[in-house]
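See below for the structure under consideration.
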Amino acid sequence: VVGDNRKFVAALVVPCFDNLIEIFKNENIPFDESKLGYATVNNVVTCVEAGEDLAYHPKVYQMVEEAISRVNQDLADFAAIKKFKIIPRKFTEDRGELTPTLKIKTQVVYEHYAKEIEELYE
């Protein structure tokens, strides 16, 4: 979630790609599996990167919008997420975005995604 010193709260959303893959396969929605990137996280092989055809698919936007709407119901208007941008890869420790205990390094994420964050406020 971003929004410090901004007019409204926005979010960078990193979907659970493993869940999306399962949903897309179950619903026979085509996507390019060669664009998927995998890594071992906590001794589990997981999808950490998706191609644009999966990450930015209209179904994914719909699912994210629905999830954000549910979260926003419990928030005051000033705290509600007004805009979001989907990020097609998970934050990683290798890129310096996570601590060894998998906590997000907010400042590093802000630096890596400065362009995307600015686009949310244009």
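Which strands (runs of 3 or more DSSP E) sit wholly inside the stretch 1-64 and have at least 3 residues that are out of contact with any Phe, Trp or Tyr (no Cβ under 9 Å at 6 or more places or on another chain) and either hydroxyl-bearing (Ser, Thr, Tyr) or surrounded by 12 or more Cβ atoms within 10 Å (Cβ to Cβ) (or both)? Outline the logic, then answer.
Numbers: elements: 9-13, 37-41, 44-49.
Per the criteria, 37-41.
Report yes if some residue within the stretch 75-88 is out of contact with any helix residue (DSSP H, G or I) (no Cβ under 7 Å at 6 or more places or on another chain), in a strand (DSSP E or B) and either farther than 16 Å from Ala11 by Cα or not β-branched (Val, Ile, Thr) (or both); otherwise report no.
Yes, the stretch 75-88 contains a residue that is out of contact with any helix residue (DSSP H, G or I) (no Cβ under 7 Å at 6 or more places or on another chain), in a strand (DSSP E or B) and either farther than 16 Å from Ala11 by Cα or not β-branched (Val, Ile, Thr) (or both).
Determine the pairs where a residue that is of a type in the set (Asp, Glu), located within the stretch 34-57, has a partner that is assigned to a strand (DSSP E or B) with Cβ atoms under 6 Å apart, the partner being 6 or more residues away or on another chain.
Glu49/Gly37; Glu49/Arg89
Write out, first by first residue and then by second, each pair whose Cβ atoms fall under 9 Å of each other, whose residues are 6+ apart or on separate chains, and whose first residue, in the stretch 13-28, is free of Cβ contacts under 8 Å to residues at least 24 places away in the same chain while the second is surrounded by 12 or more Cβ atoms within 10 Å (Cβ to Cβ) and part of a strand (DSSP E or B).
Cys16/Thr46; Cys16/Cys47
Can you tell me which residues in the stretch 89-111 are modelled with pLDDT of 90 or more, part of a loop (DSSP other than H, G, I, E, B) and within 14 Å of the chain's Cα centre (by Cα)?
Lys90, Phe91, Glu97
Scan Ile81, Ile104 and give me the residue that is surrounded by fewer than 17 Cβ atoms within 10 Å (Cβ to Cβ) and either touching a residue at least 40 places away in the same chain (Cβ under 8 Å) or closer than 24 Å to Glu119 by Cα (or both).
Numbers: Ile81 fails: surrounded by fewer than 17 Cβ atoms within 10 Å (Cβ to Cβ).
Result of the check over Ile81, Ile104: Ile104.
Could you list, in sequence order, all residues of the stretch 112-122 that are part of a loop (DSSP other than H, G, I, E, B) and either over 15 Å from the mean Cα position of the chain (by Cα) or over 21 Å from Leu54 (Cα atoms) (or both)? Give the steps one after another, and end with the answer.
Let us first name the residues in the stretch 112-122 that are part of a loop (DSSP other than H, G, I, E, B), namely 113, 121-122.
Once the filter is applied, which keeps residues that are part of a loop (DSSP other than H, G, I, E, B) and either over 15 Å from the mean Cα position of the chain (by Cα) or over 21 Å from Leu54 (Cα atoms) (or both), the stretch 112-122 yields Tyr121, Glu122.
Are any residues in the stretch 107-122 surrounded by 13 or more Cβ atoms within 10 Å (Cβ to Cβ) and more than 21 Å from Val64 (Cβ to Cβ), and if so, which ones?
Residue satisfying the conditions is Val108 alone.
The values are calculated or read from the model by the stated rules, or taken from the named source; none is laboratory data. Worth saying up front: this structure is predicted, and the values here are computed from it rather than measured. As a convention, Cβ positions derive from the backbone with ideal geometry for all residues, glycine included, and neighbour counts pool all protein chains shown.
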